[in-house]
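The structure appears right after this line, and notes come after that.
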């Protein structure tokens, strides 16, 4: 069963512990602006690395720019085994507003800006954040391929895609990861997850700690949590780790206490009977 030492090698090159950290919540309200306590956010990031997590997922749109800046302020120079994955493809008109923007020239500028903010010469995993309905995915992903050829990007991932879009992206690039919304309560990307599993692609679920309240599944989750003296969120994370060996959960928080609680979920051992009880 899953433990904190379980690893996955992204693209056959980057070995990471399967439980990572999502750095969206270290920004301000509405994922906009600076956090209320920037020093506390930097301390949280240092704790993440100290506790052995070596995959941090962020994006230029978190803040915007704030998350990447905080990561560099807290952690640069980076540990040799730390993988920082970032994304481009959204613009932010204001708090809680997200607008796709996948023009190739813009994506290239975004990469240059992320390299500067993160103080990197090459981004380990660069992900196209969301398909722009005005731009063919082939054009957007093609920009990432050019960045890869220039040595500015090591590996390429996509985010918020369906199966058909993933296949189209794979005609252009060697895609090594997919980041879609997925959780115990939202399994709408099961088909994409299955494709990742068949091909050995990393699957990074965003919003991974949603739980199914006031439902049969919610009641089952609560029962398993009680049996392990754990929280429902911890069981939801443990369920993700058990769901597929290619899943790399990246729960995010602005609290060290919540981060430590999430990390403990990797130690939960769920029986097959319990896993069966958590199926629809």
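Here is the figure for the stretch 177-188: residues that are out of contact with any helix residue (DSSP H, G or I) (no Cβ under 9 Å at 6 or more places or on another chain) and part of a loop (DSSP other than H, G, I, E, B) total 2.
The residues of the stretch 6-37 that are out of contact with any strand residue (DSSP E or B) (no Cβ under 9 Å at 6 or more places or on another chain) and either part of a strand (DSSP E or B) or on the phi > 0 side of the Ramachandran plot (or both) amount to a single one, 30.
Exactly one residue out of 150, 191, 174 is touching a helix residue (DSSP H, G or I) at 6+ places or on another chain (Cβ under 7 Å) and surrounded by fewer than 14 Cβ atoms within 10 Å (Cβ to Cβ): that is 191. The condition of being part of a helix (DSSP H, G or I), in contact (Cβ under 8 Å) with a residue 40 or more places away in the chain and surrounded by 15 or more Cβ atoms within 10 Å (Cβ to Cβ) holds for only one of 130, 117, 106, 168, that being 117.
Apart from one condition, residue 272 fits all of (1) crowded, with 19+ Cβ neighbours inside 10 Å; (2) more than 28 Å from residue 48 (Cα to Cα); the exception is (1). Could you tell me whether the stretch 38-59 includes any residue that is in a loop (DSSP other than H, G, I, E, B), more than 18 Å from the chain's Cα centre (by Cα), over 20 Å from residue 182 (Cβ atoms) and without any contact (Cβ under 8 Å) to a residue 24 or more places away in the chain? So far as the stretch 38-59 goes, no, none of its residues is in a loop (DSSP other than H, G, I, E, B), more than 18 Å from the chain's Cα centre (by Cα), over 20 Å from residue 182 (Cβ atoms) and without any contact (Cβ under 8 Å) to a residue 24 or more places away in the chain. Selection of the stretch 73-102 for residues being in a loop (DSSP other than H, G, I, E, B), in contact with a helix residue (DSSP H, G or I) (Cβ under 8 Å, 6 or more places away or on another chain) and in contact (Cβ under 8 Å) with a residue 40 or more places away in the chain yields 76, 89. For the stretch 38-48, taking the residues that are out of contact with any helix residue (DSSP H, G or I) (no Cβ under 6 Å at 6 or more places or on another chain) and more than 12 Å from residue 263 (Cβ to Cβ), the one that is surrounded by the most Cβ atoms within 10 Å (Cβ to Cβ) is identified as 38. Of everything in the stretch 224-267 that's part of a loop (DSSP other than H, G, I, E, B) and without any contact (Cβ under 8 Å) to a residue 60 or more places away in the chain, which residue is farthest from residue 8 (Cα to Cα)? Within the stretch 224-267, the match that is farthest from residue 8 (Cα to Cα) is 229.
Quick note: the coordinates plus some simple rules give every number you see, no bench work behind them. From a predicted model like this one, the values you see are computed outputs, not experimental measurements. Glycine gets a Cβ as well: all are built from the backbone with ideal geometry, and neighbour counts include every protein chain shown.
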